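Right, one structure below, let's go through it.
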Amino acid sequence: MGFKITKNNKTRYESIDWNNLRFGVYFSDHIFISKYKDGKWDGGEIIPYGEMPMEPGLCTLHYGQTIFEGLKAFRRVDGNGANLFRADKNAQRLNRSASLVCIPEYDVPTLLDGMKELVKLDNKFIPKQKGQSLYLRPVVFGSGNFLGVTASQEYMLIVMTSPVASYYAAGLNPVKIMVSDDHVRAVKGGLGAAKTAANYAASLYAGMDAHKKGFSQVLWLDGVNRKDIDEVGAMNIMFLIDGELITPSLDKGTVLAGVTRDTVLTLAREWGMKVTERNISIDEVMDAYKAGKLQEAFGTGTAAVISPVGQLTYKGTDMIINDMKIGPVSQKFYDTITGIQYGEIEDKHNWNIHVTF
Ligand SMILES: Cc1ncc(COP(=O)(O)O)c(C=O)c1O
C-alpha cells in the first residue's frame, strides 16, 4: 500500500438518495488511478472523483480499446469492516481481457491494494442494508490521442466505486428471457471471453428488442450455427436437468469466465451435485423441457448473484420453468453466496478479502 492520497475537499455523500440507490448512478468521493507511459505503469495514486480532461482524438473513443471489471464490497453484518469478494479473480480476469485487446497487463497485488485502500477511504459509501453493496468498477483504456488503427502507447487504469441497491427489491424474481437467433454477441475467435466495450455495444440492440417484447434479457446462442448456448444477458447461464447442473464450457472463447459461475460450480461440486461444463444446445434444453426434465435455469453474475429464469422463449415456444417460481437449488446458491459475502456463513475458501476501517 502506501499510495499517495489526495482527498476530496467536498464529499458527494449528501447528494446520494440512499432510499433509491439503483445501480451505478452515484459515485463515491475518490478513485484509484494509474498511468502507463514509456512502456511501464506508474505505482498508482488516489485522487478525488471528478471530471477528466479529454481530447477529441482520444483513441478509445474511436476504436474501443478498453476493458473493465465489476466486483463488490459488502459491509459485514458483524460490523467488522467489509468483505471484498474474490477481487483477486477479477484482477486476473482484467489481465486476460487486457491481452485480448493489446492492453499491457497490470500488477495484480498493486490493483488489489489500490482497491482495498479505496474501500477503506470511502467506507462510509458502503451501504448498511443487507442486499446493498459498494460496486467497484476498474476500467483500463488507451489514453493516446491519434486516429491510426493501432494499439495505444499510453493507458489509464481507473477504479471508481458506486453504492448500489439490492438487485432484488422483493425476493428473487424469476425473469422472462428471449432466445436471440437474429443477433449474436460473440463469435469463436472474437472477443467474447474479454470484458471489453465491444461486447456490450453488440448486445444493446437485441437487449432493446427483447425489452420491447416484454422480456428482461436475451439468451445468446453461438455466432455460427445459432444453436449452442453461450450466456444470458451479462450473466453466465446454468441449467438443472434431471439432477445435473450443466453450464456452457469456456473453451470456445465466446463466454466470459464469470467469477460467480466459478463460485457456483465450486459449491455445487462440494455439495456432491453432478456438475458438467460442456456444450449445450437450445434444442437439448427444449427436449429436456418437453420431457419434463428441465428443473431450473438461472443466470449467475456479480450484479444479481443468481437470477432465476422463469420463462425461456425460443422460436415462439414458451418454456415455463418451475412454474415461474424460484427453485430450491437457485435459492440455496443465492443464500449461501450472499451469506458468505456478508460474513454470516463461514468463508472456507478465503473468497473474502477483509478490509478493516
Ligand atoms: C458478459 C458477461 N457474462 C458473465 C458475467 C458474469 O460474471 P461475474 O460472475 O464475474 O460477474 C458478466 C458480468 O460480469 C458479463 O458481463
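The values are calculated or read from the model by the stated rules, or taken from the named source; none is laboratory data. These figures come from a predicted structure and were not determined experimentally. Neighbour counts are summed over all protein chains in view; Cβ atoms, including those assigned to glycine, are modelled from backbone coordinates with ideal geometry. Remember, those area values only see protein heavy atoms, side chains included, never the ligands or the DNA or RNA. Shrake-Rupley method; radii C 1.70, N 1.55, O 1.52, S 1.80 Å.
Odds and ends about this structure:
- Selection status of residue 331, closer than 21 Å to residue 273 by Cα and in contact (Cβ under 8 Å) with a residue 12 or more places away in the chain: yes
- When we screen 240, 219 for residues that are open to solvent by less than 60 Å² (accessible area, probe 1.4 Å), out of contact with any helix residue (DSSP H, G or I) (no Cβ under 6 Å at 6 or more places or on another chain) and not polar (S, T, N, Q), the only hit is 219.
- Residue that is nearest to residue 172 (Cα to Cα) [pool: residues in the stretch 312-356 that are among the aromatic types (Phe, Trp, Tyr) and outside the structural domain of residue 182 (by TED's automatic domain parsing)]: 334
- In the stretch 176-200, residue nearest to residue 107 (Cα to Cα) [restricted to those that are more than 16 Å from the ligand (Cβ to nearest atom) and surrounded by fewer than 20 Cβ atoms within 10 Å (Cβ to Cβ)]: 189
- Within the stretch 222-237, restricting attention to residues that are under 17 Å from the mean Cα position of the chain (by Cα) and among the acidic types (Asp, Glu), the residue that is surrounded by the most Cβ atoms within 10 Å (Cβ to Cβ) is 231.
- A search for C-beta distances below 7 Å between a residue of the stretch 223-241 that is within 25 Å of residue 69 (Cα to Cα) and within 14 Å of the ligand (Cβ to nearest atom) and any residue that is of a type in the set (Asp, Glu) and part of a loop (DSSP other than H, G, I, E, B), counting only pairs 6+ apart in sequence or on different chains, returns 230/222.
- Taking first residues from the stretch 43-62 that are closer than 24 Å to residue 13 by Cβ and partners that are of a type in the set (D, E, K, R), the Cβ contacts under 8 Å between residues at least 6 apart in sequence or on separate chains come to 45/4; 46/4; 46/117; 48/7; 48/29; 49/12; 49/29.
- Qualifying position, being assigned by TED's automatic domain parsing to the domain that holds residue 312 and farther than 21 Å from residue 23 by Cβ, among 148, 144, 114, 190: 190
- Top-ranked residue in the stretch 19-40 [being within 19 Å of residue 137 (Cβ to Cβ) and surrounded by fewer than 18 Cβ atoms within 10 Å (Cβ to Cβ); ranked as modelled with the highest pLDDT]: 35
- The listed residues are 299, 310, and the only one of them that is away from the ligand (no atom under 16 Å from the Cβ) and open to solvent by less than 10 Å² (accessible area, probe 1.4 Å) turns out to be 310.
- Taking every residue in the stretch 84-96 that is closer than 23 Å to residue 254 by Cβ and in contact (Cβ under 8 Å) with a residue 12 or more places away in the chain and pairing it with any residue that is part of a loop (DSSP other than H, G, I, E, B) and within 10 Å of the ligand (Cβ to nearest atom), at least 6 positions away or on another chain, the pairs with Cβ-Cβ distances below 6 Å are 90/69; 94/69.
So that you can scan it fast, the table gives a plain yes or no per residue for (1) touching a helix residue (DSSP H, G or I) at 6+ places or on another chain (Cβ under 8 Å); (2) farther than 30 Å from residue 319 by Cβ; (3) surrounded by 15 or more Cβ atoms within 10 Å (Cβ to Cβ); (4) touching a residue at least 12 places away in the same chain (Cβ under 8 Å):
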| site | (1), (2), (3), (4) |
| --- | --- |
| 106 | yes, yes, yes, yes |
| 109 | no, yes, no, no |
| 126 | yes, yes, yes, yes |
| 139 | no, yes, yes, yes |
| 143 | yes, yes, yes, yes |
| 174 | yes, no, yes, yes |
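- Identity of the residue in the stretch 69-93, of a type in the set (Gly, Ala, Ser) and in a strand (DSSP E or B), that ends up nearest to the ligand (Cβ to nearest atom): 73
- Of all residues making up the stretch 246-263, the number that are open to solvent by less than 10 Å² (accessible area, probe 1.4 Å), within 16 Å of the ligand (Cβ to nearest atom) and more than 18 Å from residue 92 (Cβ to Cβ): 3
- Tally of residues being open to solvent by 50 Å² or more (accessible area, probe 1.4 Å) and within 16 Å of the ligand (Cβ to nearest atom) across the stretch 264-282: 1
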